[in-house]
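One structure below.
The values are calculated or read from the model by the stated rules, or taken from the named source; none is laboratory data. No experiment lies behind these values; they were computed from the predicted model shown. Quick reminder, even Gly has a Cβ in these numbers, built from the backbone with ideal geometry, and neighbours come from all protein chains shown. Surface accessibility is based on the protein's heavy atoms, side chains included, excluding ligands, DNA and RNA. Shrake-Rupley method; radii C 1.70, N 1.55, O 1.52, S 1.80 Å.
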Amino acid sequence: MSDVADRVKKIVVEHLGVEEDKVVEAASFIDDLGADSLDTVELVMAFEEEFGIEIPDDAAETIQTFGDAVKFISEAS
Amino acid sequence: MFDLTGKTALVTGASGGIGGAIAKALHEAGATVGLSGTRVEPLEALAADLGERAHVLPCNLSDADAVDALPKQAIAAMGSVDILVNNAGITRDQIFMRMSDEEWQSVLDVNLTSTMRLCRGVMRPMMKARWGRIVNVTSVVGHTGNPGQANYAASKAGMLGLTKSIAYEVASRGITANAVAPGFIATAMTDKLSDDQKDKINQQIPAARMGGADEIAAAVLYLASAEAGYVTGTTLHVNGGMAML
């Protein structure tokens, strides 16, 4: 697993309080990992901080799963 | 009780009577205060009066870009905004049948839209801090209506819906959003009334007098405090009993 994926996973595990093995590529933050809409905003904020990038709101809306997040951040940073 | 040492507060309309009293009360409780308003002179006079822990942050609330920039300026000056007090407000009284689009829009822009923009601007850092206090100063007329003030009353009622919705969304993050609804308060705004009008007003108030700006400030101080952490989405009416809501 890439370095980006490790760091994203760490944030997701810490923030949502889920088991690490639940955070798989297709895992939806809301449907599978128990996030509410405010959690997803906070995750995006945490990603921005960790990777020093800006994630615009329209892009943030497309980040639904762990895999989406890793892909977006890998391309952006 | 109500110790705000180490907290930072941004107060709009601090050049006015109520805003100035709010800034003083928060400052006295230990907070660092950002004083915002359109008129620089009274803001600087107030800052000089308060001494340390006071920053002058002029802003024209009818200018959307300036409003969006204000939270950033406040954070640059104070390090954070833990407490946001949306106190600034304008009136453009007119009977409804004659009310122009401009009279309507200018009041909505300053009173309601700027409040929304400032709340939005401080939300991200408050979410991160897991602590925040938003206090929106509304008005009894937002609840009761008032002839000649369709625009003002609508803006204040709008602030209430905004306040409650924000309160819902961020309650789980340690952020509260409440309103303080003044009745008739003796300020420059009410000084414009004739003695006859004032007498008529006082007859409608069980307390038989207008309120003081410091009595509004005390309500804001309470809602800004750590002690009010379980109070959110509510309105504290400070009106001498004129409307028991």
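In the set (1) under 23 Å from B:Ser172 (Cα atoms); (2) away from every other protein chain (no Cβ under 14 Å); (3) open to solvent by 50 Å² or more (accessible area, probe 1.4 Å), the condition left unmet by A:Gly17 is number (2).
Summed over region A:56-68, the residues that are open to solvent by 30 Å² or more (accessible area, probe 1.4 Å) and touching a Ser or Thr at 6+ places or on another chain (Cβ under 6 Å) give a count of 1. Scanning region A:41-50 for residues that are away from chain B (no Cβ under 12 Å) and open to solvent by 20 Å² or more (accessible area, probe 1.4 Å) gives a single hit, A:Glu50. Of B:Met123, B:Met116, all but one fail to be within 14 Å of another protein chain (Cβ to nearest Cβ), without any contact (Cβ under 8 Å) to a residue 60 or more places away in the chain, among the aliphatic types (A, V, I, L, M) and closer than 27 Å to B:Ile216 by Cα; the exception is B:Met123.
If you go through region B:209-238 and pick out every residue that is open to solvent by 30 Å² or more (accessible area, probe 1.4 Å), touching a strand residue (DSSP E or B) at 6+ places or on another chain (Cβ under 8 Å) and either at positive phi or among the acidic types (Asp, Glu) (or both), you end up with 1.
The rows are residues; the columns are (1) more than 21 Å from B:Arg124 (Cβ to Cβ); (2) at pLDDT 95 or above.
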residue	(1), (2)
A:His15	no, no
A:Ile30	no, yes
A:Ala60	no, no
A:Glu75	yes, no
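Could you identify the single residue in B:Leu50, B:Leu84 that is modelled with pLDDT of 95 or more, of a type in the set (A, V, I, L, M, F, W, C) and over 13 Å from B:Thr8 (Cα atoms)? First the steps, then the outcome.
Values: B:Leu84 fails: over 13 Å from B:Thr8 (Cα atoms).
The match here is B:Leu50.
Scan region B:1-55 for residues that are in a loop (DSSP other than H, G, I, E, B) and not hydrophobic (A, V, I, L, M, F, W, C) and report the count. Please lay out each step first, then the result.
Initial filter on region B:1-55 (in a loop (DSSP other than H, G, I, E, B)): B:1-7, B:12-16, B:29-31, B:36-39, B:51-53.
When the remaining residues are screened for being not hydrophobic (A, V, I, L, M, F, W, C), the result is B:3, B:5-7, B:12-13, B:15-16, B:30, B:36-39, B:51-53.
The total comes to 16.
The requirement of being open to solvent by 40 Å² or more (accessible area, probe 1.4 Å) and at negative phi is not satisfied by B:Asp82. Scanning region A:27-40 for residues being within 23 Å of B:Tyr168 (Cβ to Cβ) and either open to solvent by less than 30 Å² (accessible area, probe 1.4 Å) or free of Cβ contacts under 8 Å to residues at least 12 places away in the same chain (or both) gives a total of 8. Of the conditions (1) in a helix (DSSP H, G or I); (2) open to solvent by less than 30 Å² (accessible area, probe 1.4 Å); (3) over 20 Å from B:Ser172 (Cβ atoms); (4) more than 14 Å from chain B (Cβ to nearest Cβ), A:Ile53 fails just one. Which one is it? Failed condition: (1). Test B:Asp196 against the stated conditions and say whether it is more than 20 Å from B:Ile83 (Cβ to Cβ) and of a type in the set (Asp, Glu). For B:Asp196, the condition - more than 20 Å from B:Ile83 (Cβ to Cβ) and of a type in the set (Asp, Glu) - is met. Of all residues in region B:130-149, none are surrounded by fewer than 24 Cβ atoms within 10 Å (Cβ to Cβ), within 14 Å of another protein chain (Cβ to nearest Cβ) and either without any contact (Cβ under 8 Å) to a residue 24 or more places away in the chain or among the hydrophobic types (A, V, I, L, M, F, W, C) (or both).
For A:Ala5, are the conditions met, namely being within 13 Å of the chain's Cα centre (by Cα) and open to solvent by 30 Å² or more (accessible area, probe 1.4 Å)? No. Taking first residues from region B:165-177 that are facing chain A (nearest Cβ under 10 Å) and partners that are aliphatic (A, V, I, L, M) and surrounded by fewer than 16 Cβ atoms within 10 Å (Cβ to Cβ), the Cβ contacts under 8 Å between residues at least 6 apart in sequence or on separate chains come to B:Glu169/A:Leu38; B:Val170/A:Leu38; B:Ser172/A:Leu38; B:Arg173/A:Leu38.
Kindly indicate which of A:Lys71, A:Lys10, A:Lys22 is basic (Lys, Arg) and either under 25 Å from B:Ala129 (Cβ atoms) or open to solvent by less than 30 Å² (accessible area, probe 1.4 Å) (or both). Give the steps one after another, and end with the answer.
Numbers: A:Lys71 fails: either under 25 Å from B:Ala129 (Cβ atoms) or open to solvent by less than 30 Å² (accessible area, probe 1.4 Å) (or both); A:Lys22 fails: either under 25 Å from B:Ala129 (Cβ atoms) or open to solvent by less than 30 Å² (accessible area, probe 1.4 Å) (or both).
Answer to the selection: A:Lys10.
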